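The values are calculated or read from the model by the stated rules, or taken from the named source; none is laboratory data. Everything numeric here is computed off the predicted structure, so don't read it as measured data. Note that each Cβ is placed from the backbone with ideal geometry, even for glycine, and that neighbours are counted across all protein chains shown. We work out accessible area using only protein heavy atoms, side chains counted, and drop any ligands, DNA or RNA first. Shrake-Rupley method; radii C 1.70, N 1.55, O 1.52, S 1.80 Å.
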Amino acid sequence: MNLPVQTEGLTKRYGDLTAVRDLDLTVRAGEVYGFLGPNGAGKTTTLRMLLGLVRPTAGTVRLLGRPPGAGQLAQVGALIEGPAFYPYLSGRENLRVLARYAGAPAGRVPLVLDLVDLADRAGDRYAGYSLGMKQRLGVAAALLKDPRLLILDEPTNGLDPAGTADMRQLIRRLGAAGCTVLLSSHLLGEVEQVCDRVGVVSRGRLIAEGSVADLRGTAVLRVLAEPLDGAAERARDLLGADRVRVVDGALELTVEPDRAAWLNTELVRAGVAVRELRPHERDLEQVFFELIGKETADVR
């Protein structure tokens, strides 16, 4: 079965600037894949190369098993950067124009307007839409062809908290219905809540990839104890220095949760007063900044 997205050695240079460097990216059928990285990391350039809007300097791209522009774009919906519509037409009229151009059934227009919660404002002129409404209309346009693959670049840009939550639910529904979604974002919470797998990109390079659980890594025990130095020293004796960290006035210990009682006993025997001992799972934000920091240090 053809993969929806596959790149090998994908590279894009603009003069002396390398925007994307040797990118190997694989998106599997039916998954919601989060393409995560800070602004300027090369995410949008990558998406534009996937769609054939930018020619790679080196490497290969395959979209639904074929090079970009080989006839498969009828099965791809995309929202790249900001959406563009006729300002003096209504949202509904803009979608009807796009549907005719794309060969999509006219019956898809009311359906996608309802999907993005714009049905009650569909008759309003686009020029009067808020930024969030414009973004939702852009997603509606990307869904007109009932695509197998949906590529979204920062889809919650400009949305208020309620609109962001609605967009997350929509993306989950699309994934559950079998649509493959490639979601580019710099918002950690957005990626963490909706994506099956995540690729982290920095300075144009893919520096980590896996499920959210994989990227978080092994759960740790967080320990509040006094004296902290004594607790850290005893923990290092018990577990090894590489499994003990001091973070924000507490110990983070890489140890199986079922050994918590044993660890508590050993610390108390060493004269350490343990005030709290609980499992602690790193969130994606912590992992992200650790990865970015390590990548920056390696480049230097």
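Rounded to whole Å, give me the distance from the Cα center of the range 130-173 to that of the range 1-55. Rounded to whole Å, the Cα centres lie 20 Å apart.
Both the radius of gyration and Dmax for the range 48-107 are 14.4, 42 Å, in that order, over alpha-carbon atoms. Rounded to the nearest 20 debye, the dipole magnitude of the chain is 1240 debye, with +1 charges on Lys and Arg beta carbons, -1 on Asp and Glu beta carbons, and the Cα centre as origin.
The order of 259, 96, 168 by accessible area, most exposed first and with a 1.4 Å probe, is 96, 259, 168. Once C-alpha pairs closer than 8 Å and six or more residues apart are averaged by separation and normalised to the residue number of the range 104-191, the relative contact order reads 29 percent.
In the elastic network of the chain, a GNM with C-alpha springs shorter than 10 Å, the most mobile of 92, 28, 236 is 236. Beta-bridge orientation, the chain: approximately 65 percent antiparallel, per DSSP, counting only bridges with both partners inside.
With the whole protein complex present, residue 255 retains an accessible surface near 0 Å², based on a 1.4 Å probe. Computed over the chain, relative contact order equals 19 percent, with contacts defined as Cα pairs under 8 Å that lie 6+ residues apart. Rounded to the nearest 10 degrees, the angle from helix 260-269 to the longest Cα principal axis of the chain is 30 degrees.
Against the chain, whose longest principal axis comes from its Cα atoms, helix 284-299 is set at around 90 degrees.
Here the range 218-281 is described by how far its Cα atoms reach on the three principal axes: 28, 23, 21 Å, from widest to narrowest. To the nearest ten degrees, helix 161-176 and the longest principal axis of the Cα atoms of the chain are 80 degrees apart. Apply the Kirkwood formula to the range 5-215: the hydrodynamic radius equals the inverse of the mean of 1/r over all pairs of different alpha-carbon atoms; give it in Å with one decimal. For the range 5-215, the Kirkwood estimate is 17.4 Å. Net charge of the neighbourhood of residue 10, taken over other residues with C-beta under 9 Å away and scored Lys/Arg +1, Asp/Glu -1, is -1. For the range 124-207, what value does the Rg/Rh ratio take when both radii are computed over Cα atoms and Rh is the Kirkwood radius, given to two decimals? My calculation puts Rg/Rh at 0.98.
Quick one: putting +1 on the C-beta of Lys and Arg, -1 on the C-beta of Asp and Glu, what dipole do you get for the range 218-281 around its Cα centre, in Debye to the nearest 20? Provide the component values of the computation, followed by the final result.
On the way: 9 positive and 12 negative charges, 20 e Å.
Roughly 100 debye for the range 218-281.
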